[in-house]
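Scroll down for the structure; my scribbles are underneath it.
A short reminder: the numbers here are calculations on the coordinates, not readings from a lab. Predicted model only: the values in this text are computed from it and were never measured. Every residue, glycine among them, receives a Cβ derived from its backbone with ideal geometry; neighbour counts consider all protein chains shown.
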Amino acid sequence: MNDSKNVKDIVRNFINNSINIDALGDDEDLFETGLINSLFAVQLMTFVERKFGVEIGGDDLHIDNFKSVSATAAFVVRKSSGQVA
Amino acid sequence: MNFKTVGVVGVGNIGSGVLASLVLHGIRAVAVDVSEKSLETARAGILQTVRLAPVLRKDAPKLTRNEVLERIAFTTRLEEVSTCEFIIENVTEDWAVKKPIYERLDRIASAGVCFGANTSCISITRIGSATSRPDKVIGIHFMNPVHMMPTVEVIRGQHTSAETLATLNRLLAQLKKEAIVVNDLPGFVSNRISHLFMNEAAFVFQDGLATAAQIDAIFKKCFGHKMGPLETADLIGLDTVVSSLDVLYDSFKDSKFRCCPLLRKMVEAGHCGRKSGRGFHVY
Ligand SMILES: NC(=O)c1ccc[n+]([C@@H]2O[C@H](COP(=O)([O-])OP(=O)(O)OC[C@H]3O[C@@H](n4cnc5c(N)ncnc54)[C@H](O)[C@@H]3O)[C@@H](O)[C@H]2O)c1
């Protein structure tokens, strides 16, 4: 299941492995703090789609959905609610 | 007069970025490559770039898959650029590959059409000499990722005319990009300098002074750069970086441009950076 805790862990792991920072707060704004750039944002969105089998549709194309670990996890849970992953 | 159709020759790493940028600005394109596989990779990459573009830029249009595909004709036949109003060339950074392309384009394109050479290092004057229209050949050095970067380095070859520069400026205005216009010597301004520090960063890594992440972090956290030199090399593609260093070395005969042996070894191992999933970093 794409439950919140599980998803958060996977997303946090992915980001940590890719950008090499020591302590990433779940609510830290990745873009505002300049932690990630547009290239990584695309990598993150692509990862989310593949890993959790969700599709980022026309109405989801908003940076707020991916601005932090919590926001990304909430997006995945919302998109996959009702479907068994 | 707005450009309606632009030819893009070579749809690898940067060519596919150029295509995405054209499509996002409502310009149609004829996309040519010798490799079916490159065409396929480009098609998938462009669809993904265009689809996600609105997340990164509020002004990007939301285009459907069909709208994107309908704007680009993918082909292996160079002759199909004959109807294009401007041609952007992005084939492999190797004079032996580029020269025959320009000779053929010169015969295929009508006399008034300008050629924009998207090369990292090869002299624009040299490229112009392969055609009967050196006044209509100009360097457009796009930056990666093309649709996100507002500025390009534009290079005036020895014979590039003021009209050609004006024509290119019209195209760039449509793409909402600004040009910094410089004169011509191999590597221009950007790569003559950037390849020195990417190469030296590879030497520093080879010498075991620091990890790739540390080298990049020093540029980002101490110098305030957006990206470190090894990440940048990975983004450009290590094969292209090596080719560019070779062009610089051959052109200036200056040992400061000698390519780091580790870079060459990584390319031989197929670790070409982001586009192959692995370089100094893993993707
Ligand atoms: N990668 C960058 O960030 C970047 C930025 C600016 C300019 N450039 C320059 O753009 C050019 C392409 O670089 P790249 O990184 O995209 O390389 P790449 O290897 O990713 O792509 C080159 C493409 O050219 C194609 N090609 C080779 N011979 C051809 C031919 N005869 N006809 C048509 N297509 C042919 C290849 O199949 C490949 O798809 C080089 O000159 C490079 O220096 C690259």
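Of all residues in the stretch B:126-170, how many are part of a helix (DSSP H, G or I) and more than 16 Å from the ligand (Cβ to nearest atom)? Final tally of qualifying residues: 12. Number of residues in the stretch B:5-48 that are polar (S, T, N, Q) and within 14 Å of another protein chain (Cβ to nearest Cβ): the value is 4.
For the stretch B:24-46, filtered to residues that are free of Cβ contacts under 8 Å to residues at least 40 places away in the same chain and among the aliphatic types (A, V, I, L, M), the residue that is surrounded by the most Cβ atoms within 10 Å (Cβ to Cβ) is B:Ile46.
Each residue in the stretch B:211-249 was checked for being more than 14 Å from the ligand (Cβ to nearest atom) and under 22 Å from the mean Cα position of the chain (by Cα), and 5 of them qualify. For the stretch B:50-92, the candidate set comprises residues that are part of a loop (DSSP other than H, G, I, E, B) and of a type in the set (Lys, Arg); within that set, the residue that is farthest from A:Phe40 (Cα to Cα) is B:Arg77. Scanning the stretch B:93-107 for residues that are among the charged types (D, E, K, R) and buried (at least 20 other Cβ atoms within 10 Å of the Cβ) turns up at least one hit. Among the residues of the stretch B:4-27, is there at least one that is within 11 Å of the ligand (Cβ to nearest atom), in a loop (DSSP other than H, G, I, E, B), at positive phi and touching a strand residue (DSSP E or B) at 6+ places or on another chain (Cβ under 8 Å)? So far as the stretch B:4-27 goes, yes, one or more of its residues are within 11 Å of the ligand (Cβ to nearest atom), in a loop (DSSP other than H, G, I, E, B), at positive phi and touching a strand residue (DSSP E or B) at 6+ places or on another chain (Cβ under 8 Å).
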